[in-house]
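J.: Structure provided below as structure tokens; questions to follow.
The values are calculated or read from the model by the stated rules, or taken from the named source; none is laboratory data. Everything quoted here is computed from the prediction, not taken from an experiment. Cβ atoms come from the backbone with ideal geometry, glycine included; neighbour counts cover every protein chain shown.
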Amino acid sequence: MKDLQDLLAEGPVGRNVLVRADLNVPLDGEQITDAGRIEATVPTLTALIEANARVIVLAHLGRPKGEPDPKYSLAPVADKLGELLGRDVALATDLVGDSAKDEVASMSDSDVVLLENVRFDPRETSKDESERATLAQDLVDLVGEDAAYVSDGFGVVHRAQTSVYDIAKRLPAYAGGLVEAEVTVLRRLTENPERPYVVVLGGSKVSDKLAVIESLLPKVDRLLVGGGMCFTFLAAQGHSVGTSLLEQDQIDTCKQLLADNGDKLVLPVDVVCAAEFKAESPASVHAADQIPADLMGLDIGPESVKQFAAALDGAKTVFWNGPMGVFEMAPFAEGTRGVAEAIAAGDAFSVVGGGDSAAAVRQLGVGEDRFSHISTGGGASLEFLEGKQLPGIAVLEEQG
């Protein structure tokens, strides 16, 4: 697939370049609580700005229901992006309407315009190809048929949506620096990982990670299971899990995974529990096979951290996706912190698989530079590792 360097070599001076970025950051009101995804797209945007392109950015925020919703406006993102780029970023108040047309028409070389949330338009996520096609054509009409398209939002390349897939069929399309880096890293994990290869999976539900577990088990040396999903595995071993999160319909599947891969799967040996899902609820540590009936597990315990650290010791390749507990609450953050520190302390090629794991690294102050790569796309990373074809990558490869 063609990449950003190919576009820069063509000399995009004065050319409109439509960039699909992943700026879907968490907000507390209008306050961005983790700007990691915005920071990750800065290098691609900076390269285009320095090449005197006219940069029009497409992005989504949250899950609006196909119509404008002030709660999901990209206004806070535009401010933060401008701060990081060191220049004004104009925000169009619509996607392909009068505001967007006026902002694009008034651009000079090196200017940046951010279009309002692409998911305010129901055609973006429509299952109807013809509806997506009309939005794609509206975007082409907005930026001009001589514009270029750069895919730099890795967190959405697993979706066949207008701004990811359909538009790439209508304009000369290039992989941005972020997408190219993500694909390179994930291919290293899937094609010939250096061993020992250890995967750490957390998060709430086994069902969310089942496909990647089944795909990875034949390829890894150890798979460590934490987070809420561990309780379904513990139940599959015959243990009571109190009021912890439990997927009854996945117990038999977990039993089979343990029977077939008991030498590879590593489960917690102790758990931090509380009576309620609250930071102020008194916490206590219990053996994983002795969780009280009236308590719920909210983090892996200190002995589990030691056990996981031992399994990670000496690893040459590590992939981590999903926190070990409710890291947002201080009493239940130490499991995630401990595992993050164990990964960071090693000399493995270490990949943090986006989403909550990446947020935890930043929130817990572990140090992003201590990992080889921090992905911006949790779901996209997992689907890549499952071996699925990602529409946003496939369309770039088709353009070649």
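J.: If a residue must be touching a strand residue (DSSP E or B) at 6+ places or on another chain (Cβ under 9 Å), surrounded by 22 or more Cβ atoms within 10 Å (Cβ to Cβ) and farther than 14 Å from Asp22 by Cα, how many such residues does region 163-191 contain?
T.: Residues meeting the conditions: 7.
J.: How about region 348-365: which of its residues are at pLDDT below 95 and either surrounded by fewer than 21 Cβ atoms within 10 Å (Cβ to Cβ) or closer than 23 Å to Ser244 by Cβ (or both)?
T.: Selection gives Gly355, Asp356, Ser357, Ala359, Ala360, Arg362, Gln363, Leu364, Gly365.
J.: Can you work out which of the residues in region 262-280 that are small (Gly, Ala, Ser) and without any contact (Cβ under 8 Å) to a residue 40 or more places away in the chain is farthest from Glu214 (Cα to Cα)?
T.: Applying the filter and picking the extreme gives Ala275.
J.: Being assigned to a helix (DSSP H, G or I) and farther than 18 Å from Tyr149 by Cβ is the filter here, so list the residues in region 47-80 that pass it.
T.: We begin by selecting, within region 47-80, every residue assigned to a helix (DSSP H, G or I); these are 47-50, 70-72, 75-80.
Within region 47-80, Glu50, Pro70, Lys71, Tyr72, Ala75, Pro76, Val77, Ala78, Asp79, Lys80 qualify.
J.: Out of curiosity, is Glu303 of a type in the set (D, E, K, R) and without any contact (Cβ under 8 Å) to a residue 24 or more places away in the chain?
T.: Judged against the criteria, Glu303 is not a match.
The rows are residues; the columns are (1) closer than 14 Å to Gly202 by Cβ; (2) among the hydrophobic types (A, V, I, L, M, F, W, C); (3) part of a strand (DSSP E or B); (4) within 15 Å of the chain's Cα centre (by Cα).
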{"residue": "Phe308", "(1), (2), (3), (4)": "yes, yes, no, no"}
{"residue": "Glu341", "(1), (2), (3), (4)": "no, no, no, no"}
{"residue": "Gly365", "(1), (2), (3), (4)": "no, no, no, no"}
{"residue": "Ile393", "(1), (2), (3), (4)": "no, yes, no, no"}
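J.: Do we find a residue being of a type in the set (Asp, Glu), in contact with a Gly (Cβ under 8 Å, 6 or more places away or on another chain) and touching a residue at least 40 places away in the same chain (Cβ under 8 Å) anywhere in region 285-298?
T.: Within region 285-298, one or more residues are of a type in the set (Asp, Glu), in contact with a Gly (Cβ under 8 Å, 6 or more places away or on another chain) and touching a residue at least 40 places away in the same chain (Cβ under 8 Å).
J.: Would you please list the contacts, defined by Cβ atoms under 7 Å and residues six or more apart or on different chains, that run from a residue in region 28-53 that is on the phi > 0 side of the Ramachandran plot to a residue that is among the small types (Gly, Ala, Ser)?
T.: Asn52/Gly14; Asn52/Ser110
J.: Right, here's the next one. If you check Ala330, Ala394, Ala293, which single one turns out to be surrounded by fewer than 22 Cβ atoms within 10 Å (Cβ to Cβ), of a type in the set (A, V, I, L, M, F, W, C) and more than 30 Å from Glu276 (Cβ to Cβ)? Break it down into steps so the answer makes sense when it comes.
T.: Working: Ala330 fails: more than 30 Å from Glu276 (Cβ to Cβ); Ala293 fails: more than 30 Å from Glu276 (Cβ to Cβ).
That would be Ala394, the only listed residue that is surrounded by fewer than 22 Cβ atoms within 10 Å (Cβ to Cβ), of a type in the set (A, V, I, L, M, F, W, C) and more than 30 Å from Glu276 (Cβ to Cβ).
J.: May I ask you to list the residues in region 214-229 that are at pLDDT below 95 and either buried (at least 24 other Cβ atoms within 10 Å of the Cβ) or more than 25 Å from Val241 (Cα to Cα) (or both)?
T.: The answer is Ser215, Leu216, Pro218, Lys219.
J.: Something else: Does region 79-100 contain at least one residue that is surrounded by 15 or more Cβ atoms within 10 Å (Cβ to Cβ), in contact (Cβ under 8 Å) with a residue 40 or more places away in the chain, of a type in the set (Val, Ile, Thr) and touching a Phe, Trp or Tyr at 6+ places or on another chain (Cβ under 9 Å)?
T.: no
J.: Quick check on my filter: what residues within region 314-326 are closer than 29 Å to Arg195 by Cα and part of a loop (DSSP other than H, G, I, E, B)?
T.: Of all residues in region 314-326, those closer than 29 Å to Arg195 by Cα come to 314-325.
If the condition is that a residue be closer than 29 Å to Arg195 by Cα and part of a loop (DSSP other than H, G, I, E, B), then Gly314, Ala315, Lys316, Gly322, Pro323, Met324, Gly325 are the ones that fit.
J.: Is there any pair linking a residue in region 140-153 that is under 16 Å from Ala92 (Cα atoms) to one that is in a strand (DSSP E or B) and at pLDDT 95 or above, with Cβ under 6 Å and at least six apart or on different chains, and which?
T.: Here the result reads Val143/Asn16; Val143/Leu18; Val143/Ile56, each pair linking region 140-153 to a residue that is in a strand (DSSP E or B) and at pLDDT 95 or above.
J.: Okay, moving on. Say whether the condition of being over 26 Å from the mean Cα position of the chain (by Cα) and either in contact (Cβ under 8 Å) with a residue 12 or more places away in the chain or buried (at least 24 other Cβ atoms within 10 Å of the Cβ) (or both) is met by at least one residue in region 318-327.
T.: No; the residues of region 318-327 include none that is over 26 Å from the mean Cα position of the chain (by Cα) and either in contact (Cβ under 8 Å) with a residue 12 or more places away in the chain or buried (at least 24 other Cβ atoms within 10 Å of the Cβ) (or both).
J.: Touching a residue at least 40 places away in the same chain (Cβ under 8 Å), farther than 30 Å from Ala333 by Cα, touching a His at 6+ places or on another chain (Cβ under 9 Å) and not aromatic (Phe, Trp, Tyr): does that describe Ser163?
T.: So Ser163 passes the test.
J.: Inspect region 112-128 for any residue being small (Gly, Ala, Ser), farther than 21 Å from Pro391 by Cα and surrounded by fewer than 22 Cβ atoms within 10 Å (Cβ to Cβ) and give the result as yes or no.
T.: No, region 112-128 has no match at all.
J.: Ok, one more. Please determine, by comparing only the residues of region 1-28 that are under 18 Å from Lys71 (Cα atoms) and either touching a helix residue (DSSP H, G or I) at 6+ places or on another chain (Cβ under 9 Å) or at pLDDT 95 or above (or both), which one is surrounded by the fewest Cβ atoms within 10 Å (Cβ to Cβ).
T.: Pro26
J.: Has region 354-362 got at least one residue that is under 25 Å from the mean Cα position of the chain (by Cα) and in a strand (DSSP E or B)?
T.: The answer is no; no qualifying residue exists.
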